[in-house]
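The values are calculated or read from the model by the stated rules, or taken from the named source; none is laboratory data. For clarity, every value in this text was computed on a predicted model and none was experimentally measured. Here the Cβ positions follow ideal geometry from the backbone for every residue, glycine too, while neighbour counts run over all protein chains shown.
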Amino acid sequence: MPQTVLSIATRGQGLYEFTDEVAGFVRAAGVSEGLLTAFVRHTSCSLLIQENADPDVRHDLNAFFRRLVPPSDDPSMRYMVHTTEGPDDMPAHVKAALTPVSIGIPVMDGRLALGTWQGIYLFEHRDSPHRRQVVLHLSA
């Protein structure tokens, strides 16, 4: 069963598409039917399948989550105790708890069975740049 680890560089909060890298892994594996599992090895980011046609979707999702869970130095978030790693850290953990850290995508005819406008994204919840690892596993 083919496996690999992708390294995804982020520049701060936002959605980073990596559909092409996953599709290339599936093509190279030569598996015609199966299930691709993607798992992110971090606790302050997550994975999403989301629209990849209009960049406003990514902007609006990021803005929504920033409003939903503001930084811990925001007056509305004073109840947060874990603040030693900065005001964006605990909110990042909350956002990761609300969104998936692994996703499964069927593989049909040697290709990801994504819809026309679907893309695979790493959703970075921290303000600082990071290098994130996503494990891909393809089961036939």
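Listing for the model above:
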| item | result |
| --- | --- |
| Positions within segment 69-94 being touching a residue at least 12 places away in the same chain (Cβ under 8 Å) and either within 20 Å of the chain's Cα centre (by Cα) or assigned to a helix (DSSP H, G or I) (or both), in sequence order | Val69, Pro70, Pro71, Met77, Asp88, Asp89, Met90, Pro91, Ala92, His93, Val94 |
| Which listed residue, of Arg126, Arg111, Arg78, is under 15 Å from Gln13 (Cα atoms) and among the basic types (Lys, Arg) | Arg126 |
| Top-ranked residue in segment 95-140 [being of a type in the set (Gly, Ala, Ser) and in a loop (DSSP other than H, G, I, E, B); ranked as nearest to Val26 (Cα to Cα)] | Gly110 |
| Candidate set: segment 18-44, residues that are of a type in the set (D, E, K, R), farther than 21 Å from His125 by Cβ and not in a loop (DSSP other than H, G, I, E, B); chosen: the one nearest to the chain's Cα centre (by Cα) | Asp20 |
| Restricting segment 26-47 to residues that are surrounded by fewer than 17 Cβ atoms within 10 Å (Cβ to Cβ) and among the aliphatic types (A, V, I, L, M), the residue that is nearest to Gln118 (Cα to Cα) | Leu35 |
| Test: residue in segment 51-68 that is over 22 Å from Leu138 (Cα atoms) and in a strand (DSSP E or B) | yes |
| Filter result for His130 (surrounded by fewer than 20 Cβ atoms within 10 Å (Cβ to Cβ) and under 14 Å from Thr43 (Cβ atoms)) | yes |
| Residue ID - surrounded by the fewest Cβ atoms within 10 Å (Cβ to Cβ), chosen from residues in segment 50-66 that are under 19 Å from Gly115 (Cα atoms) and touching a Ser or Thr at 6+ places or on another chain (Cβ under 9 Å) | Ala53 |
| Of all residues making up segment 1-13, the number that are surrounded by fewer than 16 Cβ atoms within 10 Å (Cβ to Cβ) and at pLDDT 95 or above | 7 |
| Breaking point among (1) of a type outside the set (Phe, Trp, Tyr); (2) crowded, with 17+ Cβ neighbours inside 10 Å; (3) under 18 Å from Arg131 (Cα atoms), for Pro91 | (3) |
